Amino acid sequence: MKMDNSLPEQWQQLLSIDDSLCESAKQVLFGSDYVSQWGQRNPDRAEALLRSGDLQQVYDEHGFQTRLTEMLLDVADEKTLHQQLRHFRQREMVRIIWRDLAGWADLAETVRELSAMADACLKQALAMLHEWQRQDLGSSINDEGEEQHLLVIAMGKLGAGELNLSSDIDLIFAYPEHGETQGGRKTLSNEEYFTRLGRKLIQALDNVTADGFVFRVDMRLRPFGDSGALVASFDSLENYYQTQGRE
């Protein structure tokens, strides 16, 4: 197919990789400054996306998880985690926008994939941050000696699986039971331990770096909103909804 000379020069070079995309490119690149500028600023990553064939694919249920796992394989510190999460988000946003503007995806697919992308970022960032914190501060244990884990509850549009392109994510953090850490350089209560972990997770997603951000995180739906604790035990969460909750 003949290349459209009205397209940005950088994109003309990129589209020579796969001329089957030329027909959709004009509609996408003129319809989205985000996609157009991302490709011009990051030609190597744009080329990798085009060569992958992912633009033309509908991901299966593990699609985002699998691709993010590959991107995080060699990550060993928080700074690199932040960078790779942002690069992943940019790549997948370009893919989702392209499929939407090209008419290859309906609204149901678009919001489902945006929600699945957010879910992958949350799960894998939390898993890595928890492991690093366990190495530094030990494990969070209840009174029976069982290890505790942070539960991230998605509310709002993410909870409904209906994120749109500009949505923030509404979260609540909870942990099963009170107790203390074991095996670390100092002893912390489970609440303090998971508060630290929750803050690191928010920073991993919400902080604006040279690579932008992943998702804006809104924690105001937690018990007592901004004035409440960042994390809550299951018992305190249940008590709050029984005594303070409203339909």
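The values are calculated or read from the model by the stated rules, or taken from the named source; none is laboratory data. Note that this is a predicted model, so its numbers are computed, not measured. Every residue, glycine as well, gets a Cβ built from its backbone with ideal geometry; the counts of neighbours run over all protein chains shown. Only protein heavy atoms, including side chains, enter the accessible area calculation; ligands, DNA and RNA are left aside. Shrake-Rupley method; radii C 1.70, N 1.55, O 1.52, S 1.80 Å.
Given the options LEU73, LEU85, name the one that is open to solvent by 30 Å² or more (accessible area, probe 1.4 Å), modelled with pLDDT of 95 or more and under 25 Å from ILE202 (Cβ atoms). Write out each step before concluding.
Working: LEU85 fails: open to solvent by 30 Å² or more (accessible area, probe 1.4 Å).
One residue alone meets the criteria, LEU73.
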Going through the stretch 32-78 one residue at a time, which ones are in contact with a Phe, Trp or Tyr (Cβ under 7 Å, 6 or more places away or on another chain) and β-branched (Val, Ile, Thr)? VAL35
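Within the stretch 143-172, which residues are among the small types (Gly, Ala, Ser) and either at positive phi or not in a strand (DSSP E or B) (or both)? Give the derivation first.
Applying the first criterion (among the small types (Gly, Ala, Ser)) to the stretch 143-172 yields 145, 154, 156, 159-161, 166-167.
Passing the criteria: GLY145, GLY156, GLY159, ALA160, GLY161, SER166, SER167.
Checking the structure you have, find out if any residue of the stretch 173-183 is of a type in the set (Phe, Trp, Tyr), modelled with pLDDT of 95 or more and not in a strand (DSSP E or B). Break it down stepwise before answering.
At the first step, the residues of the stretch 173-183 found to be of a type in the set (Phe, Trp, Tyr) are 173, 175.
Retained after the next criterion (residues that are modelled with pLDDT of 95 or more): 173, 175.
Adding the requirement that they be not in a strand (DSSP E or B) leaves none.
No: zero hits.
Just to be sure, is LEU7 among the aliphatic types (A, V, I, L, M) and under 16 Å from LEU122 (Cα atoms)? Step through it out loud before you land on a result.
Details: among the aliphatic types (A, V, I, L, M): yes; under 16 Å from LEU122 (Cα atoms): no.
In short, no.
Matching residues to (1) β-branched (Val, Ile, Thr); (2) within 26 Å of the chain's Cα centre (by Cα); (3) within 24 Å of ASP206 (Cβ to Cβ):
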residue: LEU129; (1), (2), (3): no, yes, yes
residue: ILE153; (1), (2), (3): yes, yes, yes
residue: GLY159; (1), (2), (3): no, yes, yes
residue: LEU165; (1), (2), (3): no, yes, yes
residue: ALA174; (1), (2), (3): no, yes, yes
residue: GLY183; (1), (2), (3): no, no, no
residue: LEU188; (1), (2), (3): no, no, yes
residue: GLU191; (1), (2), (3): no, yes, yes
Go through the stretch 172-228 and report how many residues are in contact with a strand residue (DSSP E or B) (Cβ under 8 Å, 6 or more places away or on another chain), closer than 20 Å to GLU238 by Cα and among the hydrophobic types (A, V, I, L, M, F, W, C). 6
So which of ALA154, ALA210, ALA229 is in contact (Cβ under 8 Å) with a residue 24 or more places away in the chain, surrounded by fewer than 16 Cβ atoms within 10 Å (Cβ to Cβ) and among the aliphatic types (A, V, I, L, M)? ALA229
